[in-house]
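Worksheet for the structure shown next.
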Amino acid sequence: MAAALTRMNTEEPPHILYFILHELFAALGPTTMAFPLQQYIASLDSTCLPRILQVCSGVYFQGSVYEISGNEVCFSTGDVIKVTNIELSSVCCEDVSSFETFELPINHTGLLKLVPEKTPYSTVEELVKLRPVGFESCLPVTFTTRSKITLADVTLGAGTVLTLLSVVEKEELCRCRIHPGPGQASADVDVPLGTRGEFYVHEGEERFTPGEIVTSPHLCHQRFRFDNAAMCQRTLVLSPVYQICAIMSMRKNVLQFPSSLAVDVVDITDACEDVSFVIPVSLPEIHSQSDETFPVVVEVLEGPETRSMFKCSWLPQLQKGTQLIFHRKTTSSMTIMSSVKSRKAQQFFLVSERYAGRFRRRPRGFDSAYELHVASTQTPGLRVSATKNCEEVEEEGLPGLSVGERLEVIGCQKVQLPCGQTDAVVCYRLRDVDDEGDNEDDDEDGKQEDHIYLPLYMQGHFLELLSDNRKYTLNDLRQKAPLDVKAVSRDPELENDPLVGFPCLRLEGATLEPTIQASFLHTPNLCFEIPTRRLRMIVYCTQQPLPWHPNQAPKCSMERVTEVTDKFLHEFLKEDLSVTSPPPRPPKRNLSAPNPNTSVLTKEFGNMRVKSRKSSAPLPATPASGSNHQPPPLAPRGSSTLQASAERATPNTYAGTYQQFAENAPSIGRACEDVAENSDDDYVQVEDVLEGTLKKAQEGVMF
């Protein structure tokens, strides 16, 4: 090795230096010396992987950017990389004169020819052993000696051209043919391998592809030129470019970067055999692993965000550095429940299918016919009672309902209403026999039924009618959600059942959640379920042993009710309503229909071009024609209270005044027209006339 290093310090030709470097790598194997990444990977045998490398000098640009388009582009000094695989990806071609580089695909079909070295070989043995390919495959080789050679039976002068035909290694001889000069005959001679001189190799007839050049340790780093003069006549040095697959501590993705990065590395595999690389993984990635991975001890690298969807006791403990036991992965059926809005803050719960408490149903309230339709699809034979009156609107097809009327929802169908064809809920109106008297058409249950159609856009107030007092399990009700229930018996496995005590709970829906059963390291028997889709947390699998003897796992008690936030419910409803059509809009009102005339002016003013003011209260109706319009005389003050009711009745003093106003209407109209013809401000002055006239009429009424 010392001799090889000594030779590297001398000014040796490029092909000699490559030969020495290759021998040095082979002799040293894994070394602590720093080498360029390209040279190290090119000399690395793939059978010795994986190898652990440390970066001695990194490439820095734009704040030490680490990743662009999914590939690693630079490293910092001190980074530790574990190389797991290398794969030849392309060929790098470097111009010897200008040092410009370009890449060719590994399957490029262009042929290149070897350019002979300008530096001579000093012995015939070097010429044989340093040939770029196996000697037998490149025979014959033509070379010229620039110095005089004296052999046993012949002396060769300077400039003699020889062709090497074969090598006899046992005798350390090579058989060569002398190229004859003018008027001379060719002859074969035996040349010892140790013969010294200056030997220059001629350009051979061999042609190679770029892939053959970079995969051969003899051809690599030799000089070549394309055989096709139209492609490139520059002298090139070809080197392989590998795609390196590696892992780094605290990086969860497998790195892929080219070996052409300008970094120096040191092989530290022998000193870091026991070093474990921390591979961060998310909860969904943990759940996707095989069952053989569990149970495993993990450590939290990145805890959940502060505004999480959960409000449970174990959430604040999931901080960085906390160790957990992941017992097993599963897919749990869970039910989302919420408390009814009241003065207290509304609460939300995620209840496991293992919950063993009992519930009684509570009547639900509905605020529209569309809600009745949705509920009837999950609860066939739904019966409700109207809790508020609904006025009938004929032009929109809305039926009238009274408080207490009972309906049974049958289905939904398209009906023809005055406003057009629309979807409506078909109901049976249920009536008691006592309300109708004896009727021969009564059914066996003593009730008479007739159809009623509630358009889906109809607003109303309905309350569900329940007839059973049965206690249900959660599995009996979860498929019928949404439902209103009350917890009447707690789960015996829970010390404190949070569902007991609420006057009413609503089952919002059911979901299948991929979960991981976990526990803290200090309490391995108290387990809880972590929904992997709802909680963002980064962990890594440690090599720490489990806190129990092999095959003696403790019996775990599972938490069955987890309090969540309204954010969890909103996310669930967003997913659930993605396939549900929205409720229909009510029909547009007919804007072309004439509005009722609420003006204080009578029809005699219909042809006037003035703007009338709307009165806040309508005037009394005009008395019928032919009646006496004079008001009756007022009763004297202080009259006896025992007089007849007719004498005590207050006369309608507005009728006569209004009649007088109606009789004077033509004169008022002519005055308004005169003002309108002689003034540009029609609106203001005409209205002043009307106000003055009305004011006088009002004063007369008051008098």
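The values are calculated or read from the model by the stated rules, or taken from the named source; none is laboratory data. Since this is a predicted model, take the numbers as computed values, not measurements. Glycine gets a Cβ as well: all are built from the backbone with ideal geometry, and neighbour counts include every protein chain shown.
The rows are residues; the columns are (1) in contact with a helix residue (DSSP H, G or I) (Cβ under 9 Å, 6 or more places away or on another chain); (2) part of a loop (DSSP other than H, G, I, E, B); (3) small (G, A, S).
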| residue | (1), (2), (3) |
| --- | --- |
| Q517 | no, no, no |
| I530 | yes, no, no |
| R533 | yes, yes, no |
| N551 | no, yes, no |
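Look through region 355-372, keep the residues that are in a strand (DSSP E or B) and not hydrophobic (A, V, I, L, M, F, W, C), and return whichever of them is farthest from R470 (Cα to Cα).
Taking the candidates together, the pick is S368.
Going residue by residue through region 378-387, is there one that turns out to be closer than 26 Å to A510 by Cβ, modelled with pLDDT under 95 and part of a helix (DSSP H, G or I)?
Checking region 378-387: at least one residue is closer than 26 Å to A510 by Cβ, modelled with pLDDT under 95 and part of a helix (DSSP H, G or I).
Can you pull out every residue in region 273-287 that is loosely packed, with under 15 Cβ neighbours inside 10 Å and touching a residue at least 60 places away in the same chain (Cβ under 8 Å)?
V275, S276, P284, listed by residue number.
Limited to region 241-263, what total is found for residues that are surrounded by fewer than 18 Cβ atoms within 10 Å (Cβ to Cβ) and over 27 Å from E299 (Cα atoms)?
Total satisfying the criteria: 2.
Among the numbered criteria (1) surrounded by fewer than 16 Cβ atoms within 10 Å (Cβ to Cβ); (2) not assigned by TED's automatic domain parsing to the domain that holds K82, which one does G197 miss?
Result: G197 passes all but (1).
Scan region 221-238 for residues that are within 23 Å of T123 (Cβ to Cβ) and in a loop (DSSP other than H, G, I, E, B) and report the count.
Total satisfying the criteria: 2.
Here are R506, R490, R560, R534: which of them is within 14 Å of Y355 (Cα to Cα), in contact (Cβ under 8 Å) with a residue 60 or more places away in the chain, within 35 Å of the chain's Cα centre (by Cα) and surrounded by 18 or more Cβ atoms within 10 Å (Cβ to Cβ)?
Working: R506 fails: within 14 Å of Y355 (Cα to Cα); R490 fails: within 35 Å of the chain's Cα centre (by Cα); R534 fails: within 14 Å of Y355 (Cα to Cα).
Among R506, R490, R560, R534, only R560 is within 14 Å of Y355 (Cα to Cα), in contact (Cβ under 8 Å) with a residue 60 or more places away in the chain, within 35 Å of the chain's Cα centre (by Cα) and surrounded by 18 or more Cβ atoms within 10 Å (Cβ to Cβ).
For a quick check of your reading of the model, give me the residue pairs whose first member lies in region 364-392 and is assigned by TED's automatic domain parsing to the domain that holds L456, whose second is crowded, with 19+ Cβ neighbours inside 10 Å and basic (K, R), with beta-carbon atoms closer than 8 Å and at least 6 apart or on different chains.
A375/R364
Anything in region 155-166 that is part of a loop (DSSP other than H, G, I, E, B) and either loosely packed, with under 11 Cβ neighbours inside 10 Å or outside the structural domain of L193 (by TED's automatic domain parsing) (or both)? List them, or say none.
Of everything in region 155-166, just one residue is part of a loop (DSSP other than H, G, I, E, B) and either loosely packed, with under 11 Cβ neighbours inside 10 Å or outside the structural domain of L193 (by TED's automatic domain parsing) (or both), namely G157.
Any residue that is modelled with pLDDT of 85 or more, among the basic types (K, R) and in a loop (DSSP other than H, G, I, E, B) - is there at least one of those in region 120-134?
No, region 120-134 has no match at all.
Please determine, by comparing only the residues of region 416-425 that are more than 39 Å from the chain's Cα centre (by Cα) and crowded, with 16+ Cβ neighbours inside 10 Å, which one is nearest to L454 (Cα to Cα). Quick ask: steps written out before the conclusion?
Start the filter on region 416-425 by keeping residues that are more than 39 Å from the chain's Cα centre (by Cα), which leaves 416-421.
Remaining after also requiring crowded, with 16+ Cβ neighbours inside 10 Å: 417, 419.
On the way: L417: 10, C419: 13 Å.
Ranking the candidates gives L417 first.
Tell me, which residue of region 167-211 that is hydrophobic (A, V, I, L, M, F, W, C) and part of a loop (DSSP other than H, G, I, E, B) is nearest to A152 (Cα to Cα)?
So the residue we want is L193.
Which pairs do you get when a residue that is assigned to a loop (DSSP other than H, G, I, E, B), found in region 307-328, comes within reach of a residue that is among the small types (G, A, S), reach meaning Cβ atoms under 8 angstrom, with the pair 6+ apart or on two chains?
Taking only residues 6 or more apart or on different chains, the pairs are L318/G303; Q319/G303; K320/G303; T322/G303.
Looking at region 310-333, is at least one residue more than 23 Å from N525 (Cα to Cα) and not β-branched (V, I, T)?
no
Would you confirm whether any residue within region 331-347 is part of a helix (DSSP H, G or I) and either in the same structural domain as H570 (by TED's automatic domain parsing) or over 30 Å from R431 (Cβ atoms) (or both)?
no
Would you please name the residue that is modelled with the lowest pLDDT, looking only at residues in region 284-306 that are farther than 14 Å from A518 by Cα and assigned to a loop (DSSP other than H, G, I, E, B)?
Among residues in region 284-306 that are farther than 14 Å from A518 by Cα and assigned to a loop (DSSP other than H, G, I, E, B), the one modelled with the lowest pLDDT is T306.
Per-residue answers, yes or no, for (1) in a helix (DSSP H, G or I); (2) among the aromatic types (F, W, Y); (3) under 13 Å from M458 (Cα atoms); (4) modelled with pLDDT under 90:
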| residue | (1), (2), (3), (4) |
| --- | --- |
| V403 | no, no, no, no |
| I410 | no, no, no, no |
| Q416 | no, no, no, yes |
| T422 | no, no, yes, yes |
| R429 | no, no, no, yes |
| D434 | yes, no, no, yes |
| E440 | no, no, no, yes |
| E444 | no, no, no, yes |
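Which residue out of T306, T269, T331 is under 24 Å from the mean Cα position of the chain (by Cα) and over 19 Å from C556 (Cβ atoms)?
Unique residue meeting the criteria: T306.
Output the residues belonging to region 369-407 that are among the hydrophobic types (A, V, I, L, M, F, W, C), surrounded by fewer than 21 Cβ atoms within 10 Å (Cβ to Cβ) and touching a helix residue (DSSP H, G or I) at 6+ places or on another chain (Cβ under 6 Å).
First, the residues of region 369-407 that are among the hydrophobic types (A, V, I, L, M, F, W, C): 369, 372, 374-375, 382, 384, 386, 390, 393, 398, 401, 403, 407.
Checking the rest, the ones that are also surrounded by fewer than 21 Cβ atoms within 10 Å (Cβ to Cβ) come to 374-375, 386, 390, 393, 403.
Hits for region 369-407: nothing passes.
Per-residue answers, yes or no, for (1) of a type outside the set (A, V, I, L, M); (2) at pLDDT 80 or above; (3) in a loop (DSSP other than H, G, I, E, B):
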position: F25; (1), (2), (3): yes, no, no
position: T32; (1), (2), (3): yes, no, yes
position: V55; (1), (2), (3): no, yes, no
position: C74; (1), (2), (3): yes, no, yes
position: N85; (1), (2), (3): yes, yes, no
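Hey, can you tell me all the residues within region 455-508 that are closer than 27 Å to F528 by Cα and part of a strand (DSSP E or B)?
Y472, L483, D484, V485, K486, A487, V488, S489, L505, R506, L507, E508
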